Amino acid sequence: MATIKKSPSYWKMVWRQYRRNHLATWGLVFIAFLIVMALGAPWIATNKPLWCNASGSYCLKAPIPYTPTQYNLDESLMPPNRHHWLGTDEQGRDVAARMVFGSRISLAVGVVAVGIYVAIGILLGALAGYYGGWVDQVVSRAIEIMICFPTFFLILTLLAFLGPSIYNIMIIIGLTSWTGIARLVRGEFLKLKNQDFVQAAIALGASDSRVIFRHMLPNALAPVLVSATFGVAAAILIESGLSFLGFGVPPHIPSWGSILSQSQEFMDIAWWLTLVPGAAIFITITVYNIVGEGLRDAIDPRLKV
Amino acid sequence: MLGYVAKRLLLMIPTFFGITVLTFFIIKLAPGDPALMRVQMQGMGKVDAQMAAQIVEETRKLYGLDQPLYVQYGKWMKRLVTLDFGESYADHRPVIEKIKEAFPITILLNVLTIIIIYVISIPVGIFTALKPQSWWDYGSALLLFILYSLPSFWVAALLMTYFAGGDYLNLFPIMGISSFGAESLPWYEYVSNVAWHLVLPIVCLTYGGFAFLARFARSNMLEVIHQDFMRTARAKGLSEWAVIMRHGFRNSLVPLVSLMGSLLPALLGGSVIIEQIFSIPGMGRLGFQSILQRDYPTIMALTAIEAVLTLLSILLSDLLYAVVDPRIRYGDD
Amino acid sequence: MKKRTIVALLALAFVSCISRIERDPGILVRNLMDDPAHLNPYTNTSAYASQVYAYIYESLLVADNTTLAPKPWIATSWEVSPDGLSYTFHMRHDVTWSDGKPLTADDVLFSVETMMNPKVDAAAQRSGYKDLDHVEKIDDYTVRFVFKRLNFRAFEMAGYLTIIPKHVFGDGHDFNTHPANFSPIGSGPFVLAGWERGRYVNLRRNDQYWNHEHLPRLKGIQYVIIPDSNTSFQYLKKGGMDYSDNLRSVQWVRQTESAKFKERFKKYKFFPPGLAYIGWNEKKPFFADRRVRQAMTMMLDRQKIVDKLQYGQAMLVSGPGYYFGVSYDRSIQPWPYDSKRAVQLLDAAGWIDHDGDGIRDKDGVPFRFELVYGSGSPTGDRVGTILREDLSQIGIDMTPRPLEFSALIKMILAKDFDATFLGWSGGFPESDHYQLFHSSQIDGGSNNISFSNKEADRLMEQIRATIDPNKRKELHYMLHALLHEEEPYTFVYLPPALAAVDRRFTDVTAYPMGFDITEWGFKPVLRYME
C-alpha cells in the first residue's frame, strides 16, 4: 500500500496496468456501449422518424422503428424476422425495442442501488474506522445485524410490504447491501489512521470532516470502486430474480428481468423471448465482473506478477 | 479461548435483539395484515365492506394484533425464551413443526451445495494461480464469470424444459426431492431416487458459487506462492508438486475457512427461487409463502433461527480460522 | 472424456430406470397450487383446501350437475314455513361418518353452533350467515333452520352448510387447532389417506360410504403440490399427473398439440359462470360520467384480446349475467372498439386538453389514473399494458399497478382506487346483481365502484321479489340493457375453464361447473411415477 497520499499519477498507473488486460479493456468498451444505448434509447427505438427533409419526401427512420410499448396483437409471438430483428412478444411488441429500453432500467437499478449503498457504506465505515470506540461498536453491531439477514429474503419481505416499484427496488437493494463496503472502508481507515500524513493533517488542526473526506477517503476509494463494480452486476441479477418471483418493476416498464420472466410460459414455443433477455443479462453481468476483476488486479499491487 | 467464546456469545445477544426488533417492526409497520387475508373475494369480486370490517376486527382480536406493538413484541419474546415460536396464522399449526419439516431439506441442499462448490472451485483456483495470465487462466476466469452471471431461474427453467420436460429430453424429474411412494423402496433405491431428484436443483445452486471461491482461492494462492517459505521449500530441493501441495495449498486454505460463515446466509436466501421452481418444500419456500400469507409468527421464527445460525457459523469459522492458522490466537484482547 | 460422459449418462439412465415406481391406475393424480393449510371447512380461507375437503365433508343438499339446482342428499325432503323464515329438513337415517358413527341432527346443530362461536376463527363463513337466527333439533333426524329476515338464498345457505362430526370436534379441544383439522372424519365418498406437507395429499375411496349408488369407482385421488404453474404444466406434459383444469389458453391451444400429448390426454373446455371486467370507481372525478365509461370500453380492443391473447377460447360478453344462463340477453352486442367515437364521447364529457400538456383535463384535474389488479396475473398485466398504450394515444395517462391480494382488497374496501381489473369464475348461473350495483350497497355492501342509478335500483329490487321465472327473465333483460348502456364495468370476457384428462378414465363428462369424478371409471393402463 502506498504510504503517501495518492497523486493523480497513481490513477494513471492504475490505468496503465488496467490497459494491459485486454479482456477488461474490451469490457469497458462494452459498458460504454450499454450506456450509450441506455441514454440514446428514445432515438434508437421509436416509431417516429428521426429526421425528415424539408419537403417531407424523405425521412430517416430509427434503427428500430418501434416503441417498446407499441403493441400489435396480430403480430403476436413472431420469431426474429426482417421487421422485428429479435422477434415479438405475446402482445406483438418488438423485443429489440423493449431490450433497448430495458437496458435503461437494468443499468439504473444497478447504478442507483449501488450508489446508495456505497454512500451508506462509506459514511458508516469511515465513522467507525476514524472514531473507533463506541461508534465503532455500534456500527459493527449494525453490520452484524445486516449480515445475519439472508439478504434476498429481507428484500422480498420489504418489497412485499412496500409494493414493487422501480424506486423501491433500488432503495431496498441499496439499504440492504451496504455491509461489504462499510467493512472495507472501516478496515482501510483503521490502517490509514495511523499513517503519518493523516496524523500530520490532524496535528495541523484540520477538521474531522476535512481529514476524513479530503485526506483519508481518496486513499480508500480504490477498493470501493472494485467492490461497486461487482455490486452493479449483483444488483442487475437481483432485479431479474425479483421480477421472476413477481416482485419486479410494473408491467408497462420493460426491464430485462421482466421481459425474461414474462417469457417463461412461452419457453417451448418462443425461444427468442427467453434467449434474448437471458443472454443480455448474463453478458452484461459477465462484463461487469471482468471489469471489476481487471480493476482489482490493476489496483492491488500485491497481485502483480 | 473459552473466555473469547463466552465474550463472542454475549455479544450475540444485542445483535439477536436487533435482528428480531427490526424484523418485527418491518413486518408490522408495513401495510397489509393477516386479518385482511381472511377477507375473501366472492364471485364477481364482491367484497362486502361491513362484513370485511367485522372479519378483520374479529381476526385481529383473536391474534392479539389490536395490542400496541411493544406488547406484541414482548409477548413474542417471552414465548421465545421457552423456545415457543407460537402458532402459524396460516394453518394454526405450531411454527416449530413447520420449520422441523422444512429445515432438513434445506440443510441437505445447502450442505451438498457447499461441499460441491468447495471441491470443484479450490483446485480450479489453485491451478489457475500456478500459471497466471495464461490462456488457461483467462479461459477459466471467463468461464467462471459466465457461470456466475447466468440467472439461476433462467437456467432452471431451461434445464427443466430441455432435460426434464415432456417435450425434449426426459432425463430428470421435474420437482420435489423424491418420487411419490419412494419411501417404500429399498434404501439404496431410495437414495438413488433422491439423488436423481437433486441433480438439477443442485446444479442450479452450485454453478454460480464457483466463480467467487475459485477467484478467491487463486488470489490467496498467488499471494502464498511468492512468499519466502515457498522459496525456502524449493531451495530444499522439494519437487514443485510437493512444494505446492504441502506448503502452498495449506496456507492458501486459511482465508477460505473464514468464508464458510458468510456463505450460509447467502445460500439460505439464494435457494428461495430454486426451491420455488423445483417445488422443494424447504425453508426458502416456507419463508416466501409466509411473506405472501403475512404469516407473522413463521416469518419471525425463520428470521430468528436463520440469524442464530448465521451468528454461530460466523463464530465457528472464526474459531476454525484459529485452528488452521496457528498465528492467530484468540485470547483476552 | 467422451466415453466417460456416455458412461455417466448410462448410469443415470440406469438409476432412473430402477427408481421407476408403478402407479395404481385407479388413483387420479392432479395438481394443487398450494398446500392446504388444514382441512377444516370452517376455519379455512384457501381455495385449495376446499378442493380437497369437498370430497370428505358433505351437506344436507347438493347441486345437480346439469341444472345446478339443489337436490336431496343427506336430507331427503324439506318444508318451508308460510312466512318463508324457517326451513325444516328431514334427514336420511343411514348416513354414517367414515368411522362408522351415525350422522344425526346433533351434528348439524353442532356445525352451526361452532360456526357461530366468535372464538372460532371462521369470521368469513360466519358473515355469510348473518340472517340466520338459530337451528332447532326436532328429533334425531329432523332439523329446522330459522332465519331473522327474508333472504332469497336462505334455503341454499341452510342446505349447503358443511356438516362436521360432533363426536370428533366436540371433545373439548380448541377448535382452531383441533387435531382433526389434519385428520378429518367426514361422511363423503373419500377419506384422507396420507398427507406430506408441501408434497402431496392423498385421498382414498371411503369403502363404507353410505351412498352406495354414488360410491366412486376410482380408488383414490392424489393431489400433488406444485406452486409454480409452469412447473405443473411441464409435469402434466411428461405424464406425472392425469388431470389439470387450470390450463391457460395458450397452453391449451398451442402447447398441447403434440401427438404424444393428444395420445395420452383428452382436452375439455367448459364455461362455468364467470367474468373478467374492469370496474370504474364513480367516486373519482373521471368515471362519474357514463360517456367516459363508454369511451373507456371503446378504447379496449376486447375482440382482439379474446382472439389473440385468449386464442379465441374466451367469450366476449356485454353484461354481467352468465352467458349461458337466464339473465343474459344475447341480442345485446358488446360495444365496438372505436377510438374515434371514444374521443367524441370524451370531448362531449368535457375532458379536453385545455392546458396543452398532452393530457386531457377537466376543471383543472388531469385525466391520469391507476388500474389496480392482483399481482401474478399475466392477463392483468397484458390488459393493463394494452389499455395504457391505447389511452396514451388519446391523451389519457393510465398506469397499471399489480397489487398483492390483501393490499388490493384493502384498497377496494376503502374505495380508494380509480379502476380495477378483476376476474372470477364459479358461482350461480342466475346471478343477483343487487349487492354489486344497488345504490344501497355503496356503504357497507359490495357496490365498491359506487354505481348509483334509480332505474337500475328499481329493476334489481323487482328481480329479487319476482317469483315467476318468465317475468324475472324479462326484468333481467331490461337490467342487462341498462347496465350495457351505463357501463359501470367494462365487461371484457367470460373466461373458459380448460382441462386435460388422461384417456384411461371413462365416463368423463364436462358439466358447466366442471367434472364429477365420482362418476368416473378407469381402464387398467400402467403409468409410472415421475
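Quick notes
- Exclusive hit being modelled with pLDDT of 85 or more, within 14 Å of another protein chain (Cβ to nearest Cβ), buried (at least 17 other Cβ atoms within 10 Å of the Cβ) and on the phi < 0 side of the Ramachandran plot, set A:174, A:231: A:231
- Checked against (1) free of Cβ contacts under 8 Å to residues at least 12 places away in the same chain; (2) in contact with a helix residue (DSSP H, G or I) (Cβ under 9 Å, 6 or more places away or on another chain); (3) open to solvent by 40 Å² or more (accessible area, probe 1.4 Å); (4) at the interface with chain A (Cβ under 10 Å from one of its Cβ atoms), residue C:392 meets all criteria but (2).
- Qualifying positions in segment C:197-216 - touching a helix residue (DSSP H, G or I) at 6+ places or on another chain (Cβ under 8 Å) and charged (D, E, K, R): C:197
- Taken together, B:216, B:172 contain a single residue that is open to solvent by 10 Å² or more (accessible area, probe 1.4 Å), on the phi < 0 side of the Ramachandran plot and assigned to a helix (DSSP H, G or I), which is B:216.
- Qualifying residue in segment C:454-465 (condition: over 27 Å from residue C:280 (Cα atoms) and free of Cβ contacts under 8 Å to residues at least 60 places away in the same chain): yes
- Leading residue by the ranking (surrounded by the fewest Cβ atoms within 10 Å (Cβ to Cβ)) among those in segment A:234-269 that are among the β-branched types (Val, Ile, Thr) and under 19 Å from the mean Cα position of the chain (by Cα): A:253
- Among the residues making up segment A:207-228, those that are within 14 Å of another protein chain (Cβ to nearest Cβ) and open to solvent by 20 Å² or more (accessible area, probe 1.4 Å) are A:223, A:227.
- Strands (runs of 3 or more DSSP E) contained in segment C:25-136 and holding at least 2 residues within 22 Å of residue B:90 (Cβ to Cβ): C:27-32
- Among the residues listed as B:134, B:140, B:152, the single one being in contact with a Gly (Cβ under 7 Å, 6 or more places away or on another chain), open to solvent by less than 50 Å² (accessible area, probe 1.4 Å) and in the same structural domain as residue B:271 (by TED's automatic domain parsing): B:152
- Search result, residues across segment C:442-459 that are at pLDDT 85 or above and within 14 Å of chain B (Cβ to nearest Cβ): C:442, C:447, C:448, C:449, C:450, C:451
- Within segment B:24-52, if we keep just the residues that are more than 7 Å from every other protein chain (Cβ to nearest Cβ) and open to solvent by 60 Å² or more (accessible area, probe 1.4 Å), the residue that is modelled with the lowest pLDDT turns out to be B:42.
- Restricting segment C:152-178 to residues that are open to solvent by 20 Å² or more (accessible area, probe 1.4 Å), away from chain B (no Cβ under 14 Å) and in a loop (DSSP other than H, G, I, E, B) leaves a set whose member that is farthest from residue B:91 (Cα to Cα) is C:152.
- Filter result for residue C:508 (assigned to a loop (DSSP other than H, G, I, E, B) and within 25 Å of the chain's Cα centre (by Cα)): yes
- Residue list for segment B:155-169, restricted to those being assigned to a loop (DSSP other than H, G, I, E, B), open to solvent by 50 Å² or more (accessible area, probe 1.4 Å) and out of contact with any Asp or Glu (no Cβ under 7 Å at 6 or more places or on another chain): B:168, B:169
- Of all residues in segment B:70-119 being part of a loop (DSSP other than H, G, I, E, B) and of a type outside the set (D, E, K, R), the one that is nearest to residue C:179 (Cα to Cα): B:92
- Any hit, segment B:221-235, residues being modelled with pLDDT of 85 or more and of a type in the set (Val, Ile, Thr): no
- Residue check, residue B:100 within 23 Å of the chain's Cα centre (by Cα) and surrounded by fewer than 19 Cβ atoms within 10 Å (Cβ to Cβ): yes
- Identity of the residue in segment A:72-114, away from chain C (no Cβ under 14 Å) and of a type in the set (S, T, N, Q), that ends up surrounded by the most Cβ atoms within 10 Å (Cβ to Cβ): A:106
- Filter result (open to solvent by less than 20 Å² (accessible area, probe 1.4 Å) and modelled with pLDDT under 90) within segment C:410-421: C:412
- Helices (runs of 4 or more DSSP H) wholly inside segment C:232-345 containing at least 3 residues that are touching a residue at least 60 places away in the same chain (Cβ under 8 Å) and more than 14 Å from every other protein chain (Cβ to nearest Cβ): C:290-299
The values are calculated or read from the model by the stated rules, or taken from the named source; none is laboratory data. Predicted, not measured: the structure shown is a model, and the values here were computed from it. Don't worry about glycine lacking a Cβ; one is built from the backbone with ideal geometry, like all the others, and counts go over all protein chains shown. In case anyone asks, the SASA skips ligands and DNA or RNA and just uses the protein heavy atoms, side chains included. Shrake-Rupley method; radii C 1.70, N 1.55, O 1.52, S 1.80 Å.
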